[in-house]
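Take a look at the structure below.
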Amino acid sequence: MYDLAIIGGGPGGYVAAIRGAQHGLKVLLVEKDALGGTCLNRGCIPTKCFIYDTRLLETAKTSQLLTGIEALSVDLNKMVARKRRTVKTLVSGIEAIMKSHKIDVARGLGELASPGRIRVHPDDGPAKMYEARHVILATGSRPLMLPFIKVDGHLIQTTDEALDSEHFPDKIVIIGGGVIGIEMASIYLNLGSDVTIIELLPDILSTEDKEIRRSMQSLLGKRGARVHLKAKAREARIKGKDVEVSFEDHAGKMVALRANRLLVATGRAPVLDGIQADKLSLEMDGQFVKVNSRLETSLPGVYAIGDLVGGQMLAHKASAEAEVVVANILGGNREVKPNLVPRCIWGITEIGTIGLTEEEAKARGRSIRVGRFPFTNSGSAQAMGNNNGFVKIIGDAETGEIMGVHILGEHATDLIGEAVTAMTMEAAVEDLAETIKPHPTLSETMREAAMDWNGLAIHSLKK
């Protein structure tokens with residue numbers, strides 16, 4: 001009998017296993033694939049490897065100081081090999097941590113047979129039943145497929161195939177202008193590919209602040225990407241060594257594009273393999289498992305976390321939920337606050353955001369003030385040679401409560417961590433304005449934006 005059994009070894013599952021073991025629980029972790037889940041093996045880490053490698057190429061090729069840049073290129077085989085080494089190193093590290101905590105790892109498809117009972121189906125051999133006092137479902141998600149498009153893994157791909165491909169296209173069409181589509185588009189643009197994005201909604205990155213969305217679209221356009229908004233993909237056909245994609249544009253006109261590759265980046269869907277909701281009488285919320293604020297399902301002693309429960313489908317959200325569940329199993333009463341979960345995007349430049357957008361804050365009827373500071377006024381950004389970007393802070397006009405922070409520019413995904421800490425500690429905008437920042441660093445842009453909230457930014461023209 002285990003104290004805790006977890007189905008899924010991604011950033012939610014393995015964090016729950018480690019946290020449980022740290023508190024003396026006897027833990028079983030069930031994983032059918034490599035530890036680390038999609039994020040480590042086919043998502044976050046592989047994407048970032050490609051982003052940084054290809055950004056290095058783009059930076060060198062656009063440098064006004066280097067000579068011989070015409071001959072620069074990326075060895076794609078080495079780039080993929082580095083990604084694989086990085087993933088292997090991190091997976092090995094997780095495996096070592098599991099062993100150090102004496103966590104049992106069962107390989108195979110995990111099935112929730114009933115509350116407290118898990119059946120594991122290995123690739124070879126008979127299934128085995130395990131019992132546990134508490135169960136966490138952390139099965140993650142997989143690429144969401146369009147019913148009229150058949151992925152062959154070569155000419156038509158999802159990120160699962162694209163991030164392990166040693167051949168990159170000269171011309172690519174990407175269906176989807178969300179986080180995945182924008183990040184992949186940035187990789188291909190850095191490699192010199194001709195990129196077209198087809199997005200069904202009126203804007204890319206639809207959940208982000210309008211200024212962020214518009215700025216990223218502008219940067220994509222400057223790099224030569226074509227973005228079709230309010231466009232609906234209709235068909236994809238393989239023609240020889242190419243793919244022909246047909247879509248209906250914003251005016252209702254049918255358009256056909258021919259490319260070397262099609263990437264389907266239309267979002268992700270929860271993995272329900274091994275979870276028979278009807279048979280278990282498990283309550284669902286659409287395609288997601290329904291949970292309460294403590295992340296408990298309708299089944300006694302069974303919890304669910306991560307992409308399986310919907311909301312922001314982010315690795316760090318899953319990890320945070322894992323820690324909350326273990327704390328609750330041990331007698332706590334914790335929950336994850338959605339407004340304190342940061343969002344990060346690695347596009348043409350980085351995006352880091354947390355909390356409400358300006359549009360959302362206004363829609364709630366709050367009296368707000370906005371502080372802004374452009375990277376063009378930052379000595380650090382100028383010294384780096386990349387001053388595209390800004391910091392935007394939304395605060396309650398009466399109380400100074402930080403309602404949202406939105407950053408676009410170099411190291412935005414690191415800078416947003418400062419806002420996360422401030423909001424978690426319930427700091428006010430004025431508190432950020434009173435901090436002393438090292439010079440010259442990009443962290444100064446956060447303070448300047450906070451000072452601008454009161455019209456007192458130092459390195460901005462008088463309003």
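Details
- Loop sites in segment 351-449: trypsin sites (Lys or Arg not before Pro), DSSP, at most 13 other Cβ within 10 Å: Arg364
- A Förster radius of 41 Å, combined with the Cβ-Cβ distance separating Asp124 from Ser206, puts the computed FRET efficiency at roughly 0.40.
- Cysteines in the chain that lack a partner Cβ within the 4.7 Å cut-off: Cys49, Cys344.
- Under the combined filter of DSSP loop state and at most 15 neighbouring Cβ atoms within 10 Å, segment 204-244 retains these trypsin sites (Lys or Arg not before Pro): Arg223, Lys230, Lys241.
- Segment 264-359 shape via C-alpha gyration tensor axes, a/c threshold 1.5: oblate
- Where a label projected 7 Å from the Cα of Ser281 along Cα→Cβ would reach, residues of segment 291-326 with amide N under 11 Å: 299-300
- Sorted on the mean count of surrounding Cβ atoms within 10 Å across their residues, most packed first, peptides 118-126, 34-42, 242-250 read 34-42, 242-250, 118-126.
- With the charge dipole of the chain set up from +1 on Lys and Arg Cβ and -1 on Asp and Glu Cβ about the Cα centre, the Cα lying farthest toward the positive end among the listed residues Thr59, Asn333, Asn386 is that of Thr59.
- Here segment 90-233 was treated as a single set of alpha-carbon atoms; its pair distances binned every 10 Å from 0 give 9, 27, 23, 19, 18, 3 percent.
- Cα shape, segment 156-266, gyration tensor, a/c 1.5 rule: oblate
- Among the DSSP helices (H) of the chain, those spanning at least 24 angstrom by Cα along their long axis with an average Kyte-Doolittle hydropathy of -1.0 or more are 44-61, 76-100; this is a geometric and hydropathy rule only.
- The HN-Hα couplings worked out from phi for segment 433-440 by the Karplus form 6.51 cos²θ - 1.76 cosθ + 1.60 (θ = phi - 60°) are 5, 8, 6, 9, 9, x, 10, x Hz, whole numbers, x standing for Gly and Pro.
- Segment 102-118-segment 265-335 distance, computed between alpha-carbon centres (Å): 16
- Per residue of the chain, the DSSP helices (runs of n ≥ 4 H) give a summed -39500 (n - 2.57) that works out to -9500 deg cm²/dmol at 222 nm.
- Rounded to the nearest 5, the antiparallel percentage of DSSP beta bridges internal to the chain is 65%.
- Taking other C-beta atoms within 10 Å as the exposure proxy, Ile394, Ile329 rank Ile329, Ile394 from fewest upward.
- Inter-probe distance in nm under a simple model that places probes 7 Å from Cα toward Cβ, at Lys150 and Asn386: 4.1
- Rg and Dmax of the chain, based on Cα coordinates, read 23.5, 74 Å.
- Potential extension, Lys88-Met425 segment - 0.36 nm per residue separation minus Cα distance: 117.7 nm
- Between Thr376 and Ser298, full extension at 0.36 nm per residue minus the direct alpha carbon distance yields a gain of 22.9 nm.
- Convex hull volume per residue, computed on the Cα atoms of segment 393-439, equals 81 Å³.
- Relative frequency of Cα-Cα separations exceeding 22 Å in segment 349-452, percent: 23
- The order of Ser218, Ser281, going from fewest to most other C-beta atoms within 10 Å of their C-beta, is Ser281, Ser218.
- Restricted to Cα atoms, segment 363-405 shows a radius of gyration and a Dmax of 13.6, 41 angstrom.
- You can think of it this way: the chain between Thr59 and Ser246 has 63.9 nm of extra reach, that is 0.36 nm per residue less the Cα-Cα gap.
Quick note: the coordinates plus some simple rules give every number you see, no bench work behind them. All of these numbers come straight from a predicted model, not from anything done at the bench. So basically every Cβ, Gly included, is an ideal-geometry build from the backbone, and we count neighbours across all protein chains shown.
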